[in-house]
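For reference, the structure discussed in these notes is given below.
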């Protein structure tokens with residue numbers, strides 16, 4: 001029986017992870033953690049019977065504890081509770097599906113506790129890859145990507161351990177505003193940006209996909225996961241979202257992973273690797289599809305992607321500045337308090353103003369996050 005902890009169980013990746021667990025009798029959800037959605041979390045607890053549950057919101061945790069008084073389950077709260085969930089002894093794999101930099105500390109704790117990581121929290125590697133990757137090696141755990149693009153790269157490398165990567169071709173749909181200028185996007189509302197053409201995802205990542213910031217974060221994540229340089233990561237717009245990413249080798253051969261836009265495939269593979277299992281769902285009909293199209297990314301009208309390369313190449317705490325600024329700006333946009341172009345304008349302002357540090361510790365990374373938040377409060381006045 002494979003025992004799994006899901007950090008972020010009420011989000012898009014978390015709920016789909018539980019669907020995968022429900023479809024595989026040899027999997028068990030021993031730990032569930034969520035932010036504040038205790039209505040859905042209670043339903044999950046009663047269906048999957050975890051042994052430990054964490055609610056980050058301490059008031060909601062107390063409320064949930066009362067609701068679950070009839071069940072033999074431990075309820076914890078806050079960051080201490082999330083760390084307890086990450087290192088719970090009766091767990092083999094930790095799915096890190098929380099949103100944002102909150103995922104860094106529990107991921108580090110899980111690695112040090114010898115847990116394999118199914119990584120869906122890209123911010124962990126974006127901001128702390130220089131800390132995470134050495135720990136993965138030191139503690140001998142597996143770090144398995146859940147993002148569809150990074151899973152595609154991972155799959156394209158099966159059996160290719162002795163062959164040198166020339167280039168990673170990281171695909172993107174282009175989002176709902178592909179082809180528009182910044183002037184045309186000035187009046188975009190949250191409800192417009194939340195309509196992704198291909199994928200069903202959480203609110204924050206859907207906005208990130210529309211601005212291409214998500215692809216920028218994936219560029220930085222790919223650098224750490226696959227040990228390549230930024231010059232070896234090329235973004236390609238593939239609007240049909242059929243090719244999830246590709247690897248070009250030194251002889252020019254390109255290996256790609258194709259499939260439908262279904263996150264359960266990379267989730268299940270991360271939980272069953274190296275085994276592939278049957279997964280129900282739609283299959284691609286190439287005759288009906290007819291064609292695949294490709295475009296170069298528009299760095300001018302989607303500057304978030306260009307700034308990601310800039311932040312990644314600068315290194316140090318600059319990716320943290322980029323990521324933290326985006327998190328705060330997207331939240332403000334979703335609250336109808338910031339314009340759509342204001343998201344990337346805010347990132348640019350932070351990258352210019354917040355102090356740079358070359359080799360940040362975990363503490364310095366978290367301090368940088370707060371510095372970004374403090375700066376933006378002044379910047380938005």
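The numbers here are math on the coordinates, done by the rules we state, and not lab data. What you see is a predicted model; the values in this text were computed from it and never measured. Note that we place each Cβ from the backbone using ideal geometry, even for glycine, and neighbour counts take in every protein chain shown.
Just a few scattered comments:
- Global geometry of the range 95-139, whether rounded, prolate or oblate, following the gyration tensor of its Cα atoms and the 1.5 cut on a/c: oblate
- Within the range 251-311, the percentage of alpha carbon pairs spaced more than 18 angstrom apart rounds to 63%.
- For the range 315-381, the ratio of Cα radius of gyration to the globular rule of thumb 2.2 N^0.38 Å stands at 1.06.
- In plain terms, the residue of 278, 350 with the fewest other Cβ atoms within 10 Å comes first and the most crowded comes last, giving 278, 350.
- Sorting 328, 314, 137 by the number of Cβ atoms found within 10 Å of their own Cβ, with the fewest placed first, yields 137, 314, 328.
- Computed from the C-beta positions of residue 135 and residue 364 and an R0 of 22 Å, the FRET efficiency is 0.85 to the nearest 0.05.
- Of interest is the spacing of the C-alpha centroids, which for the range 339-381 and the range 1-55 amounts to 33 Å.
- Measuring nothing but how far apart in sequence close Cα pairs (under 8 Å, 6+ apart) lie, relative to its length, the range 1-66 scores a relative contact order of 31 percent.
- Volume per residue of the C-alpha convex hull in the chain, rounded to whole Å³: 143 Å³
- The distance from the alpha carbon centre of the range 195-228 to that of the range 88-160 is 16 Å, rounded to a whole number.
- FRET efficiency for residue 69 and residue 251, using Cβ-Cβ distance with R0 set to 51 Å, rounded to 0.05: 0.20
- Theoretical gain in end-to-end length, residue 286 to residue 331 [0.36 nm per residue, Cα-Cα removed]: 12.3 nm
- Computed extension gain for residue 339 through residue 230, at 0.36 nm per residue and net of the alpha carbon distance, reaches 36.2 nm.
- Percentage relative contact order, the range 315-381, counting C-alpha pairs under 8 Å, at least six apart: 47 percent
- Bridge type composition, the range 157-301 - antiparallel percent by DSSP, nearest 5: 65 percent
- Mean projection of the Cα convex hull over all viewing directions, computed for the range 1-119: 6.3 nm².
- Length-normalised contact order for the range 207-347 - Cα pairs under 8 Å, 6+ apart - percent: 28 percent
- The slack in the chain from residue 314 to residue 162, taken as 0.36 nm per residue of separation less the alpha-carbon distance, amounts to 51.7 nm.
- The chain: antiparallel DSSP beta bridges as a percent of all, rounded to 5: 25 percent
- Between residue 299 and residue 352, the FRET efficiency from the beta-carbon distance, with R0 = 22 Å, is close to 0.75.
- Note on 177, 302, 295: ascending count of other Cβ atoms within 10 Å places them as 295, 177, 302, the fewest first.
- Zone of residue 279's modelled label, taken as backbone nitrogen in the range 1-42 under 11 Å from a point 7 Å along Cα→Cβ: 17, 20
- Residue-averaged 222 nm ellipticity for the chain, from DSSP H runs of 4+ at -39500 (n - 2.57), nearest 500: -14000 deg cm²/dmol
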